[in-house]
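Single-structure report; data block below.
None of the figures in this text is laboratory data; all of them are computed from the coordinates on show. Note that the structure is a prediction, hence the values are computed from the model and not measured. Note: ideal-geometry Cβ built from the backbone for every residue, glycine included; neighbour counts use all protein chains shown.
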Amino acid sequence: MLGLKLPTDPRWANIAEKHIEEILIDHAHCELKAAATANSLIMSFPEYPELVTEMVALAKEEMGHFSLVHKRLLEKNITLGRDRKDVYVHKLLSFFPKGGSRTTQLVHRLLYAALIEARSCERFRLLSEQLKDKELAAFYEKLLVSEANHYTLFLGFARKYGDKKIVDTKWQELLKFEAEIMKNLNNKSFIHG
């Protein structure tokens, strides 16, 4: 369903479990960034009322997810700490050239967001299936459904606002690029690492 060209090695979940504090911290920051992305899309593209409406709901949902992750951090006596640079996202955002029409810029941002959500969904699925902490596994199982919905929401908007054929071609190219990024990442204590 997600269309990812390179699945995560299932052993990632075992490594992540050994570094669960860092995973939870990174996850909390990912939720904050997802809410910020929704807000940024509202501010950048206010002329799309359906997008604005959905991004308002998404920003609220992502902040709710942040709150849930933060609560888990507090329960484990872990301090949130400062955000670390997300190499995965930084590399991903280099794929499309800067500039272009407003519609092109919107489509590119929506495709980036869709892919980040798809990879998060895939990683949450692995955590839900493989974590020994069954309560935390169930937590990730609930969240992966939201991530899948966000992925389809962003991809759907990209196809709605751009030429579907062009968007689908760009999507396939971005998926291939993302697979190359994933081959070369080796920081296992990140949601996308």
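Summary of computed values
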{"read-out": "Sorted peptide list for 143-149, 39-45, criterion being average Cβ within 10 angstrom, highest first", "value": "143-149, 39-45"}
{"read-out": "Spin-label pair residue 74/residue 179, simplified geometry with 7 Å Cα→Cβ offset, distance in nm", "value": "4.4 nm"}
{"read-out": "Estimated vicinal HN-Hα couplings, Hz - the range 173-180 in sequence order (Karplus 6.51, -1.76, 1.60; Gly, Pro = x)", "value": "5, 5, 4, 5, 4, 5, 4, 5"}
{"read-out": "Cβ-Cβ FRET estimate between residue 43 and residue 172, R0 fixed at 25 Å, reported to 0.05", "value": "0.25"}
{"read-out": "J(HN,Hα) series, the range 115-127, from Karplus relation 6.51 cos²θ - 1.76 cosθ + 1.60, nearest Hz, glycine and proline x", "value": "5, 4, 5, 4, 5, 4, 4, 4, 5, 5, 4, 4, 5"}
{"read-out": "Cα-based shape type of the range 137-181, given that a ≥ b ≥ c are square roots of the gyration tensor eigenvalues and the cut on a/c is 1.5", "value": "oblate"}
{"read-out": "Per-peptide average of other Cβ atoms within 10 Å, ordering 76-84, 26-34, 101-109 highest first", "value": "26-34, 101-109, 76-84"}
{"read-out": "Under the Karplus curve 6.51 cos²θ - 1.76 cosθ + 1.60, θ = phi - 60°, whole-Hz ³J(HN,Hα) for the range 106-113, x wherever Gly or Pro sits", "value": "5, 4, 4, 5, 5, 5, 4, 4"}
